[in-house]
Amino acid sequence: MISTPDNDNNSDGPMVFIIIAKAYEEAGTEGIDLHILLSAPDDDSAVREALNALAEEGFLEADLDQIGMVTEPPAEEPHASAYQGALEGEVAIIRFN
């Protein structure tokens with residue numbers, strides 16, 4: 001008999017999410033492509049925290065295109081340091097110009 005249920009959605013380590021987005025600093029301008037890395041208990045919380053962080057950075061609007069989990073630490077910058085920041089509780093926003 002199994003005493004502890006096994007759920008494939010449970011992660012042994014911290015759950016670090018990556019959100020691919022386009023955000024707008026001013027109405028009517030071209031958006032900025034972003035990757036947002038953060039640690040959260042679930043995807044709904046990750047989206048909420050990402051939107052709050054974007055608002056704090058002065059973005060008026062954002063289109064969140066994709067969300068996923070980072071399954072292993074990235075090897076290359078800027079994602080490697082953003083991943084480390086997410087593990088430490090930060091919301092890392094990577095801008096692409």
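The values are calculated or read from the model by the stated rules, or taken from the named source; none is laboratory data. All figures in this text were calculated on a predicted structure; none of them were measured in a lab. Neighbour counts are summed over all protein chains in view; Cβ atoms, including those assigned to glycine, are modelled from backbone coordinates with ideal geometry. Heads up: the accessible areas ignore ligands, DNA and RNA and are worked out on the full protein's heavy atoms, side chains in. Shrake-Rupley method; radii C 1.70, N 1.55, O 1.52, S 1.80 Å.
Of the strands (runs of 3 or more DSSP E) lying entirely inside segment 9-97, those containing at least 3 residues that are open to solvent by less than 30 Å² (accessible area, probe 1.4 Å) span 16-24, 32-39.
Taken over segment 53-81, the criterion of being of a type outside the set (A, V, I, L, M) and in contact (Cβ under 8 Å) with a residue 12 or more places away in the chain is satisfied by Glu57, Gly58, Phe59, Glu61, Asp63, Asp65, Gln66, Gly68, Pro78, His79.
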